[in-house]
Amino acid sequence: MNTRLHLNRYLATGVGSLPHSSPSEACDLVFRYFKDDIPFWPQLPKKDFRENMYVQFTQGLPGVVIDQAGKKIYIDTAQDNYAKALEAAYERYLAEDLDYFAISPDYAGGFYEFIKRIKGMNPAFIKGQIIGPVSFGLAVTDQHKKAIIYEQEFRDCLTKVLIMKARWQVRKLRDALDAGRGPQDKPQIIIFIDEPYLVSIGSSFFNITIEDVLSMLNDCIAAIHSEGAFAGIHCCGNTDWGIVLKTNIDILNFDAYNYAETIFLYPKELDSFLQRNGILAWGIVPTHLREDLPALESLLKKMAPERGAFKQSFSLLSPACGLSGVPLERAEEILALTLRLTRSL
């Protein structure tokens, strides 16, 4: 598959989460730095536990139990109504009832504030995100504390629910962007599938086949493509990039600050990805340093050994990971440095 996403310069964007409790203030920050690049809607887990990325996309899933006070989530497959809820999810999926899988304002205040803001704007690109099925399935357990990904019926339902939520999100973003605007110069929508748990591929406790991983991811990617949007995968750790690059993604967002050299251990897969116009999104600005952020020049130097591959095409730059765990001031510093580095290129 050849991506239709072409860049004419380097662009900056964010991963997703911010440390704010106010959707308005979070969106102020996003547009302050990325209005002319790729603004993204902010996830705000400090505002509400339901905005945690493992909780945010659970509406419509069967058996979900959310303990807000204890900040816990699990799937109870023994619930009296579990089978009925599972059947309902499948029925709504087959009926293509996107609204059944909507994300409500209580779960995504940043999304709804973002929707309001972009109605009066004309960005070339915007970005959303959704939790990936592999990471959700490994991070969230059943009532017996077993990773829910090993419950095959639920795993299949999970992928279908996330597919519908991704499609719903793209349509909501497009509706907001199209409000009062003609058909020309339509902004391009990008959805990142957040998959931090891909770092588990190949480990002794990861008992899902590579074929199943690729199938789950490609099903989500195909759904995003079906809505005319572009799909990326974000993984903020080291993984088997050869497997990830075999998916049908348009963009790979990786932690280039800590793991830049690892992606070049897969030259065949990387070359194939770039040959079909795949785009690298370099998570080059560190997010969890206690000391001062690196100087711009040091980040450029850090990328220098791979400048040949880096210069093959224009790329995206981002922080290495989400920013919900950093102080407000540091979050702004990170976004500012990301933009400065992008402009320097």
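Since every read-out is calculated from the coordinates, none of them should be taken as a lab result. All values derive from a computational prediction rather than experimental measurement. Note that each Cβ is placed from the backbone with ideal geometry, even for glycine, and that neighbours are counted across all protein chains shown.
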- Message: Of TYR82, TYR197, ALA176, which is farthest towards the positive pole of the chain's charge dipole, taken about the Cα centre with +1 and -1 on the beta-carbons of Lys, Arg and Asp, Glu respectively?
- Response: ALA176
- Task: Please list, or write none, the aspartates and glutamates whose alpha carbon is within less than 18 Å of the alpha carbon of LYS301, excluding same-chain residues fewer than 8 places away.
- Result: ASP255, GLU261, ASP292
- Mind giving me the FRET efficiency for ALA124 and LEU289? R0 is 45 Å, r the Cβ-Cβ distance, nearest 0.05 is fine. 0.90
- Efficiency of FRET from Cβ geometry, PHE31 and SER226, R₀ 22 Å, rounded to 0.05: 0.15
- Query: Can you list the aspartates and glutamates whose alpha carbon is less than 16 Å from that of LYS84, not counting same-chain residues fewer than 8 positions off?
  - Reply: ASP76, GLU153, ASP156
- Query: Once label points are set 7 Å from the Cα along Cα→Cβ at both ALA95 and LEU265, what is their separation, rounded to one decimal in nm?
  - Reply: 4.8
- Taking the chain as a whole, which cysteines find no other cysteine Cβ under 4.7 angstrom from their Cβ? CYS27, CYS157, CYS220, CYS235
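State to the nearest 20 debye the size of the charge dipole of the chain about its Cα centre, where the only charges are +1 on K and R beta carbons and -1 on D and E beta carbons.
Charge dipole of the chain: 900 debye, to the nearest 20.
If you take the square roots of the eigenvalues of the alpha-carbon gyration tensor of the stretch 134-272 and sort them as a ≥ b ≥ c, do you get rounded (a/c under 1.5), prolate (a/b over b/c) or oblate? Before the final figure, lay out each step's value.
On the way: a/c = 2.33, a/b = 1.31, b/c = 1.77.
Because a/c hits 1.5 or more and a/b fails to exceed b/c, the stretch 134-272 counts as oblate.
Using the Cα atoms of the stretch 70-207 to build a convex hull, what is its mean projected area in square nanometres? Each step should come with its number before you reach the end.
Values: hull surface 42.4 nm².
Average of the hull's projected areas for the stretch 70-207 equals 10.6 nm².
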- Item | Subset of LYS116/LYS302; LYS172/LYS302; LYS72/LYS160; LYS47/LYS145; LYS47/LYS127 violating a 30 Å alpha-carbon distance limit | LYS116/LYS302; LYS172/LYS302
- Only bridges with both residues in the chain count here: give the DSSP antiparallel percent, nearest 5. 15
